[in-house]
Amino acid sequence: MDNEILFTERQRFSQWWLWIILIGINGLFLFGVFKQLVLGQQFGSKPMSNMGLLFAWGLTLLLTILFNTFRLDTQIRKDGIYVRFFPVHLSFRHYAWDKIKKSFIRQYSPIGEYGGWGLRLGIFGSGRAFNVSGDKGLQLEFFDDRKLLIGTAKPDQLNEILTKIGQLKQ
């Protein structure tokens, strides 16, 4: 069966500092909403309107929920690699083995090469990247000279399965 899943991985944003920042901002706005709307005291020396404060808190809460829903799903199947960065990609992107010139596991610099984590466009010809944490990934180089890096928290397992199916191409 060509669609048999040989490897699967699901990753989420797990950087502690990101969650500290998001929770801190939410807490600050929630405190402001409580102080200004419940206690009737202005929040800050130049307070926002009540509606503005509620809107800002709602926006930061939505941003936090959005970051919580982001996930990177990777599957290795006999017919290729499937990757989805949910909720940006609702369905999987398929990369067939016959379109891939090279595929190998490598260490990379998320900030230096791609400017951070997420859906990224590399700097200086690094190509695109789908990553949520860490510094290891599956590097794909296509016959049309495009490049794609897919972050992984399971580099050894991924290396093993690619070797087993003969798709580790360096």
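Over 16 Å from the mean Cα position of the chain (by Cα) and over 15 Å from Lys147 (Cα atoms), is that true of Gln75? When the stated conditions are applied, Gln75 does not pass them. Restricting attention to segment 95-112, the residues that are over 18 Å from Gln167 (Cβ atoms) and in contact (Cβ under 8 Å) with a residue 24 or more places away in the chain add up to 4.
In this structure, is Thr60 among the β-branched types (Val, Ile, Thr) and surrounded by 12 or more Cβ atoms within 10 Å (Cβ to Cβ)? For Thr60, the condition - among the β-branched types (Val, Ile, Thr) and surrounded by 12 or more Cβ atoms within 10 Å (Cβ to Cβ) - is met.
Going by what's in this entry, would Thr152 be described as at pLDDT 95 or above and of a type outside the set (Gly, Ala, Ser)?
Against the criterion (at pLDDT 95 or above and of a type outside the set (Gly, Ala, Ser)), Thr152 qualifies.
Among residues that are in contact with a Pro (Cβ under 9 Å, 6 or more places away or on another chain) and at pLDDT below 90, Leu39 is not included. Residues that are buried (at least 20 other Cβ atoms within 10 Å of the Cβ) number at least 2 in the following strands (runs of 3 or more DSSP E) confined to segment 117-163: 128-131, 136-142, 147-151.
Among the residues of segment 87-127, those identified as touching a helix residue (DSSP H, G or I) at 6+ places or on another chain (Cβ under 7 Å) and of a type outside the set (Val, Ile, Thr) are Pro87, Ser103, Gly116, Trp117, Arg120, Gly122, Ser126. Scanning segment 106-116 for residues that are over 19 Å from Ser14 (Cα atoms) and at pLDDT 90 or above turns up at least one hit. Residues in segment 1-55 that are small (Gly, Ala, Ser) and exposed (fewer than 13 other Cβ atoms within 10 Å of the Cβ): Ser14, Gly24, Gly27, Gly40, Gly44, Ser45, Ser49, Gly52. Scanning segment 71-88 turns up no residue that is crowded, with 16+ Cβ neighbours inside 10 Å, without any contact (Cβ under 8 Å) to a residue 12 or more places away in the chain and part of a strand (DSSP E or B).
Looking across Leu18, Leu6, Leu37, Leu54, one residue alone is closer than 30 Å to Gly134 by Cα and in a helix (DSSP H, G or I). It is Leu18.
Residues that are under 19 Å from Lys78 (Cα atoms) and loosely packed, with under 15 Cβ neighbours inside 10 Å within segment 105-116 are absent altogether.
Can Val88 be described as modelled with pLDDT under 95, of a type in the set (Val, Ile, Thr), under 24 Å from the mean Cα position of the chain (by Cα) and in the same structural domain as Lys147 (by TED's automatic domain parsing)? For Val88, the condition - modelled with pLDDT under 95, of a type in the set (Val, Ile, Thr), under 24 Å from the mean Cα position of the chain (by Cα) and in the same structural domain as Lys147 (by TED's automatic domain parsing) - is met.
The values are calculated or read from the model by the stated rules, or taken from the named source; none is laboratory data. Since the structure is predicted, the reported quantities are computational estimates derived from the model, not experimental observations. Quick reminder, even Gly has a Cβ in these numbers, built from the backbone with ideal geometry, and neighbours come from all protein chains shown.
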